[in-house]
Amino acid sequence: MKCVKWNENWKFWPDKDSFALVWNIPENARKITLPHDAMIESAAYAGSPNQGNTGYRDGGNYTYVKNLSVSEADTGKKHILKFDGVYCHALVYVNEQLAGSEANGYSTFYVDVTPYLRMGDNEIRVQVKNAAMTNSRWYSGSGIYRDVYLLTAGAVYVEPDSVQVTTERADEAYAVLSIRCTVVNETPKTGNFALYTDIRKDGKAEAAEKTVFFMNAGQRKTLTQRIVVKKPALWSEDTPTLYTCESCLREGEKVLDTAEDTFGIRTLLLDAVHGLQVNGKTVKLRGACIHHDSGIIGAATYEDAHLRQVKLLKDAGFNAIRMSHHPAAPALLRACDKLGMYVMDEFSDMWSRSKNELDYAMDFDKWWETDVTLMVKKDYNHPSVVLYSVGNEIPEIGTDAGSEICANISNLIKSLDSTRYTTAGINGVFSAGDQMGQIVADLSRDTQTVGKIEGNVNDFMSLMDTKMDQIVVHDVISRRLEKACASLDVAGYNYMAARYELDAEHYPNRVMVGSETYPPDIARNWALVEKLPSVIGDFTWTGWDYIGEAGVGIPAYKYGEGGFGARFPCQLAYCGDIDLTGFRRPFSYYREIVFGRRTQPYIAVQPPEHYGEKLIKTPWVMSDTKSAWDYFGYEGRPVIVEVYGVGEEAELLINGISAGRKNLENYRALFETYFQTGTVKAITYSDGKVVGTYELNSPGTGRRLSIQKDYEGEELLYLTVSLEDDNGTLVTSSDQVITALVDGAELLGFGSGDPKPLINYNEGKTMTWNGRAQMVLRKNMHCPIRVTMTLESGITEVFCRE
């Protein structure tokens, strides 16, 4: 079918009164271009009923309207709208008639609007129902936050997204592809037709096939072709080569319809001896769990944003992401296909038991089969997708009924896609259910501890942290896991690395993955991943910071400033290796070293202003640091410097004078020293020889504002803003408010990685965070762009792009 992106010229307004006898368009309706996140437009506030779950932001009910013009030439044509995602409970009306709906805010769904169209203008009205909060444990966004497409074709057509390319076998010599395609004949006539299929790489023909077939009137027929591709370029993380499958439906010489689908040629194998194999080679997944928001622009989903995100994650050492905890956006999967990033796509955060008052558990029974089917249909041709997760931390998964639901979901996935493997993010503590109290009692014999098992998910995890390794190996959890994992190809362990060696011995055919893990445990976890063939990878929580679950990773020194007791203005989780704007935090470099992908050491410094104070932190936090030697006013005061590196020893030098050597334990050494303005340098050694060096310099005199292009795609332009001294050294200790004026582009977001922002991202001003800020612009075709930024101190800088 002809596919046109249908994002422009929508009218939008918050819907304050859903009941209306006459559907008009109010005067306050705004003209917008999709994707659009209505939730990010309103500032966070302490009284939000969602509290920290969504970063103290509220959802709402919204209406979107656009006209679809139908001419005489369109008579008899099929018209279908494809929505990549609408959050949530979308109702799609055509000329005041309900044409389709979708409860899940993350499913890609289709609405056939053909029966409701008339000649001339037709009103397409999408109502979004997200005022009934709380329904999410993280920032969801609201509205039509992903792309919309208009699909059109004649009465005989290739069904939308029905072309599925399967690699039956592949090696360097040739690949055998099985290609399924569904054709629909909505005419009242029978006929003979032909399906022509061309396989291309970089525009060059690689293989072709033709199938002649007969169809009855009103028939829907699925065709299968087998095609051999000689000397294929196999897709993997290192060689993400993509092909196109061009399908052409003809009746005689007349072209009735066409379709073009992108895919990769690659094979997957899985067993407990070789682990996960891609194209016959064992792969260990260096994984990052991520949520779906796009940082300071909220949930609005742009392919440019995902291309930038995936590139930065890959540059930081990751080769896999886990979409947490819902189906991934098509734009994200395209980015992963293009750049070579493996994906675990996930169905849901809940089944029949709610985690919030009004979440997907309310819709699960009615919608799960539809939503699972839509997820698999969306993912099928994306070579990046290697695993399907049927759910995350499902409390009932170890029960009789829960294990049956697990089997039903897994079996449905396998019936739709036999080429990939299923898993689930299983938390042993949650799966223990009503036996958890007895487990704790067995371990501690402390009735007071048993009585404290209450509260939300994260509070519960904090309580269990000190005994987690003992808890997860308990016999009760072992028995629950046997039931929970029975229908899965891979046992996904959330925070259960203590089970790896035990289960590798007692369940020799069980394949495991660390589906969610604490960042500070990566050194232990990765050693086990490399040691045990049956453990195929580790997915940290999280690779990228996100809005919501406010405070879970914020280090604090007073109750309420961070951690599970975090209060407003905490809005971000702040547990990502990479911050909300895409800047790598110190732990990202530590992980890269553990992965064996960096030999140069790295320096992170704990704040001297909090020296000697007790750090309040959750299990997701290793320490409170930043990579800077910029503490004006603290000369001569004690400070702890962390050095990350490979080898046996690390040496620290301050202004050329050695502060001593220390052993590197789990790739880390801590030096207690005194702050002095100048240069701090780290040297790492192995067998007495220098492995690498790294240094930080204090900023000097003078201040200036730097605006640099960070990333530019087809739609978006990212600018990095920095406070610097006269020599270009970053100044992290003198944050200021910046006010911006933008000409020639739309300002989508202006903010920083600050987990406690006091200015909303759409206000045209922001406070720098550790000397940095970010601006995201949507370009206006080829219009020149001019950005003027002014510091509160009066310093001004201008960025221009012709």
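The values are calculated or read from the model by the stated rules, or taken from the named source; none is laboratory data. All figures in this text were calculated on a predicted structure; none of them were measured in a lab. Using ideal geometry, Cβ is built from the backbone for each residue, glycine included, and neighbour counts are taken over all protein chains shown. Just the protein is used for accessible areas: all its heavy atoms, side chains included, with ligands, DNA and RNA removed. Shrake-Rupley method; radii C 1.70, N 1.55, O 1.52, S 1.80 Å.
Cβ-Cβ below 7 Å, separation at least six or inter-chain, first residue in the stretch 110-133 and farther than 17 Å from Y145 by Cβ and without any contact (Cβ under 8 Å) to a residue 24 or more places away in the chain, second open to solvent by 40 Å² or more (accessible area, probe 1.4 Å) and of a type in the set (S, T, N, Q): which pairs?
Short answer, once both residue conditions are applied: Y116/Q97.
So for the stretch 731-740 (the condition being among the hydroxyl-bearing types (S, T, Y), open to solvent by less than 30 Å² (accessible area, probe 1.4 Å) and at pLDDT 95 or above), does at least one residue qualify?
yes
Which pairs have Cβ atoms under 7 Å, sit 6 or more apart or on different chains, and link a residue in the stretch 6-30 that is in contact (Cβ under 8 Å) with a residue 40 or more places away in the chain to one that is open to solvent by 20 Å² or more (accessible area, probe 1.4 Å) and of a type in the set (V, I, T)?
As it stands, the answer is N7/T33; K11/I25, since those pairs meet every condition given.
Does the stretch 62-95 hold any residues that are within 30 Å of I759 (Cβ to Cβ) and open to solvent by 10 Å² or more (accessible area, probe 1.4 Å), and which are they?
Within the stretch 62-95, Y62, Y87 qualify.
Those residues that are buried (at least 21 other Cβ atoms within 10 Å of the Cβ) and either assigned to a loop (DSSP other than H, G, I, E, B) or touching a Lys or Arg at 6+ places or on another chain (Cβ under 9 Å) (or both), I need them from the stretch 778-797; list them, please.
V787
So Y145 ticks every box in (1) assigned to a loop (DSSP other than H, G, I, E, B); (2) under 25 Å from H292 (Cβ atoms); (3) over 18 Å from the mean Cα position of the chain (by Cα) but one. Which box is left unticked?
Unmet condition: (3).
For the list (1) touching a helix residue (DSSP H, G or I) at 6+ places or on another chain (Cβ under 9 Å); (2) assigned to a helix (DSSP H, G or I), I need the number of the one condition that E609 fails.
Condition not satisfied by E609: (1).
So, in the stretch 760-777, how many residues would count as being polar (S, T, N, Q) and open to solvent by less than 30 Å² (accessible area, probe 1.4 Å)?
Qualifying residue count, the stretch 760-777: 4.
Within the stretch 6-22, can you find the residues that are surrounded by 12 or more Cβ atoms within 10 Å (Cβ to Cβ) and under 28 Å from W138 (Cα atoms)?
Within the stretch 6-22, N7, W10, K11, F12, W13, P14, D15 qualify.
Quick test for you: out of K617, K709, K662, pick the one residue that is open to solvent by 70 Å² or more (accessible area, probe 1.4 Å), among the basic types (K, R) and modelled with pLDDT under 95.
K617
Taking into account only those residues within the stretch 681-706 that are outside any strand (DSSP E or B) and over 29 Å from G794 (Cα atoms), which is most open to solvent (accessible area, probe 1.4 Å)?
That would be D687.
What's the number of the condition L98 fails, among (1) out of contact with any Asp or Glu (no Cβ under 9 Å at 6 or more places or on another chain); (2) closer than 30 Å to S354 by Cβ; (3) open to solvent by less than 40 Å² (accessible area, probe 1.4 Å)?
With respect to (1) out of contact with any Asp or Glu (no Cβ under 9 Å at 6 or more places or on another chain); (2) closer than 30 Å to S354 by Cβ; (3) open to solvent by less than 40 Å² (accessible area, probe 1.4 Å), L98 is out only on (3).
Could you grab me the full set of residues in the stretch 185-221 that are touching a Phe, Trp or Tyr at 6+ places or on another chain (Cβ under 9 Å) and in contact (Cβ under 8 Å) with a residue 40 or more places away in the chain?
E186, G191, N192, F193, A194, L195, I199, R200, K201, M215
Consider only pairs whose beta carbons are under 7 Å apart and that are at least six residues apart or on different chains; among these, list those whose first residue lies in the stretch 63-76 and is under 21 Å from N24 (Cα atoms) and whose second residue is at pLDDT below 95 and of a type in the set (A, V, I, L, M).
V65/I25
Could you check the stretch 641-652 and list, in sequence order, the residues that are assigned to a strand (DSSP E or B), open to solvent by less than 40 Å² (accessible area, probe 1.4 Å) and not small (G, A, S)?
V641, E642, V643, Y644, E651, L652, listed by residue number.
Just a yes or no: is a residue in the stretch 587-595 touching a Ser or Thr at 6+ places or on another chain (Cβ under 7 Å) and surrounded by fewer than 24 Cβ atoms within 10 Å (Cβ to Cβ)?
no
Under the condition of being of a type in the set (V, I, T), more than 33 Å from the chain's Cα centre (by Cα) and surrounded by 16 or more Cβ atoms within 10 Å (Cβ to Cβ), which residue from the stretch 168-210 is nearest to T222 (Cα to Cα)?
Only one residue tops the list, namely V183.
Within the stretch 673-680, does at least one residue satisfy the condition of being closer than 25 Å to S733 by Cα, under 35 Å from the mean Cα position of the chain (by Cα) and surrounded by 13 or more Cβ atoms within 10 Å (Cβ to Cβ)?
Within the stretch 673-680 (the criterion being closer than 25 Å to S733 by Cα, under 35 Å from the mean Cα position of the chain (by Cα) and surrounded by 13 or more Cβ atoms within 10 Å (Cβ to Cβ)), the answer is no, since none of the residues qualifies.
Could you look through the stretch 244-287, keep only residues that are more than 28 Å from the chain's Cα centre (by Cα) and of a type in the set (D, E), and pick out the one that is least open to solvent (accessible area, probe 1.4 Å)?
The qualifying residue least open to solvent (accessible area, probe 1.4 Å) is D257.
For the stretch 122-134: of the residues being more than 23 Å from the chain's Cα centre (by Cα) and part of a strand (DSSP E or B), which is surrounded by the fewest Cβ atoms within 10 Å (Cβ to Cβ)?
Among those residues, the one meeting the criterion is E123.
Could you list, in sequence order, all residues of the stretch 228-274 that are of a type in the set (V, I, T) and closer than 20 Å to E209 by Cβ?
Once the filter is applied, which keeps residues that are of a type in the set (V, I, T) and closer than 20 Å to E209 by Cβ, the stretch 228-274 yields V228, V229, T244, V255, T258, T262, I265.
Could you list, in sequence order, the residues of the stretch 653-669 that are out of contact with any Phe, Trp or Tyr (no Cβ under 7 Å at 6 or more places or on another chain) and assigned to a loop (DSSP other than H, G, I, E, B)?
N655, G656, L664, N666 - these are the residues of the stretch 653-669 that are out of contact with any Phe, Trp or Tyr (no Cβ under 7 Å at 6 or more places or on another chain) and assigned to a loop (DSSP other than H, G, I, E, B).
I want to confirm something. Restricting to the stretch 632-644 and keeping residues that are of a type in the set (F, W, Y) and farther than 26 Å from A573 by Cα, which single residue is nearest to the chain's Cα centre (by Cα)?
F632
Out of the residues in the stretch 149-163 that are assigned to a strand (DSSP E or B) and touching a Lys or Arg at 6+ places or on another chain (Cβ under 7 Å), which is surrounded by the fewest Cβ atoms within 10 Å (Cβ to Cβ)?
Step by step, filter the stretch 149-163, then rank; the result is T152.
Residue-wise test of (1) out of contact with any Lys or Arg (no Cβ under 8 Å at 6 or more places or on another chain); (2) over 28 Å from K5 (Cβ atoms); (3) surrounded by 24 or more Cβ atoms within 10 Å (Cβ to Cβ).
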| site | (1), (2), (3) |
| --- | --- |
| N24 | yes, no, no |
| P35 | no, no, yes |
| A46 | no, yes, no |
| Q51 | yes, yes, no |
| T54 | yes, yes, yes |
| G60 | yes, no, no |
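Is there a residue being hydrophobic (A, V, I, L, M, F, W, C), more than 30 Å from N279 (Cβ to Cβ) and surrounded by 20 or more Cβ atoms within 10 Å (Cβ to Cβ) anywhere in the stretch 384-403?
yes
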